[in-house]
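The values are calculated or read from the model by the stated rules, or taken from the named source; none is laboratory data. Keep in mind the model is a prediction, meaning the values are calculated, not measured. Backbone-built Cβ (ideal geometry, glycine too); neighbour counts: all protein chains shown.
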Amino acid sequence: MGDVLRIGLLGCGRIGIMHAANINMHPKTKLAAVYDIDDSASKNAADTHGAIACGHADEIFANPEIDAVLIATATETHADYIESAVAACKPVLCEKPIDLDLARVNLCRDRIADSTVPVQIGFNRRFDPGHRACRNALLAGEVGELRQLIIISRDPAMPPSEYCAVSGGIFRDMTIHDFDMARFILGEEPVEVVALANRLIDPELMNRIGDYDTAMITMRTATGRQCIINNSRVAVYGYDQRVEILGSDGMLQSENQTPHALRRHSASQTAAQEPYQNFFVERYREAYWAEIGAFADCVMNGTQPEVGFEDGRRALVLAEAAYLSLSEKRVVAVDEVD
Ligand SMILES: NC(=O)c1ccc[n+]([C@@H]2O[C@H](COP(=O)([O-])OP(=O)(O)OC[C@H]3O[C@@H](n4cnc5c(N)ncnc54)[C@H](O)[C@@H]3O)[C@@H](O)[C@H]2O)c1
């Protein structure tokens, strides 16, 4: 391996093409090859980013000129591709979630258990400068002992109905990021989960596909630290991404971002700002960038990723606990599902 990590990209859809651009812009990484089952998606990405378009995923795994793999394909392919990459000794950065089925995730874990090939999971929000600064301030003791954590995560608009139908449900698809953020900040594993979810935005669609569009989840760690996650598939004022920590000596808040800092004051309003950054690609631009850098660093330095396979698995365990709580209308011990 040289001083630039040559990455093979699997999946050239919405998030894949964003990663492709970041990989080529980042000084530590280069896009070597791409593969998508949709030939035109592969070809477009390859042409745009100066990479080889492969006709099969195995061409990426077998290529000695490729140092590592980024998996940005449809969720149901992640576990298979992680196993193939690890078998080929290629470090992996895999998008969340690992799979929608905890049994499949556990099988994948067992199959790669003997390997030390790094597997990083795409929980990009850990790399958001604001959220990370919040955690660092907490770790530095700035607000004393953590007592409560509030995570607000609301999308600007409903995803397409076709996406909702195969997403795996709000907890596995959307809240999974927040379960990981909770674990990242709490510093202790949640041991109890209680979830409420409702169909307030698009009841017809949600009923038809058995999903929910509005949710609140409360969790508690063994020492009594509390966390509330607040999700909505729609917030009319935009993509709402906030983290708040209450400690014994103060409070920390990681706030929303606007594209610039203009504030308008008039007879009818004060401190009116631009709308929030549109959606995840814009809001978490720096986080995705730092995520690629962290992956390159861990592969080049021979260390394990900061956010690894077990983090991906544990976030899914919390999603399963939330579903059990919802269906049985009770507080669920995380042990019950894992
Ligand atoms: N971390 C984040 O913020 C974030 C954001 C969006 C999506 N995601 C995750 O990224 C993954 C992709 O999401 P997306 O929104 O880009 O979806 P998408 O549908 O836009 O793209 C997926 C691509 O994978 C391709 N594909 C499907 N099966 C394949 C296979 N077997 N081999 C090769 N290519 C295959 C499809 O043709 C498509 O081009 C999902 O798992 C999703 O949960 C993560």
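Considering only residues of region 65-76 that are surrounded by fewer than 21 Cβ atoms within 10 Å (Cβ to Cβ) and outside any loop (DSSP other than H, G, I, E, B), which is farthest from the ligand (Cβ to nearest atom)?
This residue is GLU76.
Kindly establish whether GLU83 is in a helix (DSSP H, G or I), touching a strand residue (DSSP E or B) at 6+ places or on another chain (Cβ under 8 Å) and among the charged types (D, E, K, R).
no
What number of residues within region 149-164 satisfy the criterion of being of a type in the set (D, E, K, R) and either closer than 21 Å to ILE217 by Cα or buried (at least 20 other Cβ atoms within 10 Å of the Cβ) (or both)?
Taking region 149-164 and keeping what is of a type in the set (D, E, K, R), we get 154-155, 162.
Adding the requirement that they be either closer than 21 Å to ILE217 by Cα or buried (at least 20 other Cβ atoms within 10 Å of the Cβ) (or both) leaves 154-155.
Final tally of qualifying residues: 2.
Determine the pairs where a residue that is exposed (fewer than 15 other Cβ atoms within 10 Å of the Cβ), located within region 39-64, has a partner that is assigned to a helix (DSSP H, G or I) with Cβ atoms under 9 Å apart, the partner being 6 or more residues away or on another chain.
Note: pairs meeting the criteria are GLY50/ASN24; GLY55/ASP39; GLY55/SER42; ASP58/SER84.
Can you report the number of residues in region 205-232 which are out of contact with any helix residue (DSSP H, G or I) (no Cβ under 7 Å at 6 or more places or on another chain) and either part of a loop (DSSP other than H, G, I, E, B) or β-branched (Val, Ile, Thr) (or both)?
Within region 205-232, residues that are out of contact with any helix residue (DSSP H, G or I) (no Cβ under 7 Å at 6 or more places or on another chain) and either part of a loop (DSSP other than H, G, I, E, B) or β-branched (Val, Ile, Thr) (or both) number 7.
Quick one: is LEU107 aliphatic (A, V, I, L, M) and in contact with a His (Cβ under 9 Å, 6 or more places away or on another chain)?
So LEU107 fails the test.
Given the structure, is LYS96 of a type in the set (Lys, Arg), more than 14 Å from the ligand (Cβ to nearest atom), assigned to a loop (DSSP other than H, G, I, E, B) and in contact (Cβ under 8 Å) with a residue 24 or more places away in the chain?
No: the conditions fail for LYS96.
Check region 240-249 and report whether any residue there is assigned by TED's automatic domain parsing to the domain that holds LEU139, among the polar types (S, T, N, Q) and not in a helix (DSSP H, G or I).
Yes; the residues of region 240-249 include at least one that is assigned by TED's automatic domain parsing to the domain that holds LEU139, among the polar types (S, T, N, Q) and not in a helix (DSSP H, G or I).
Among the candidates SER84, SER115, single out the residue that is within 16 Å of the ligand (Cβ to nearest atom), among the small types (Gly, Ala, Ser) and either modelled with pLDDT of 95 or more or over 19 Å from ALA182 (Cα atoms) (or both).
SER84
Would you be able to tell me the number of residues in region 15-38 that are touching a residue at least 40 places away in the same chain (Cβ under 8 Å) and among the basic types (Lys, Arg)?
Within region 15-38, residues that are touching a residue at least 40 places away in the same chain (Cβ under 8 Å) and among the basic types (Lys, Arg) number 1.
Of (1) surrounded by fewer than 14 Cβ atoms within 10 Å (Cβ to Cβ); (2) part of a helix (DSSP H, G or I); (3) touching a Leu at 6+ places or on another chain (Cβ under 9 Å), ASN136 satisfies all except one. Which?
So ASN136 meets the others, but not (3).
When LYS329 is evaluated against the numbered criteria (1) loosely packed, with under 13 Cβ neighbours inside 10 Å; (2) farther than 30 Å from LEU196 by Cα, which criterion, by number, is the only one it fails?
(2)
List the helices (runs of 4 or more DSSP H) that sit entirely inside region 143-191 and contain at least 1 residues that are within 15 Å of the ligand (Cβ to nearest atom), touching a residue at least 40 places away in the same chain (Cβ under 8 Å) and in contact with a strand residue (DSSP E or B) (Cβ under 8 Å, 6 or more places away or on another chain).
The helices (runs of 4 or more DSSP H) meeting that bar are 170-173, 175-186.
Kindly indicate whether any position in region 300-312 is in contact with an Asp or Glu (Cβ under 6 Å, 6 or more places away or on another chain) and outside any helix (DSSP H, G or I).
Within region 300-312 (the criterion being in contact with an Asp or Glu (Cβ under 6 Å, 6 or more places away or on another chain) and outside any helix (DSSP H, G or I)), the answer is no, since none of the residues qualifies.
Given ILE37, ILE15, which one is closer than 29 Å to ASP110 by Cβ, within 8 Å of the ligand (Cβ to nearest atom), among the aliphatic types (A, V, I, L, M) and part of a loop (DSSP other than H, G, I, E, B)?
Only one candidate passes the filter, namely ILE37.
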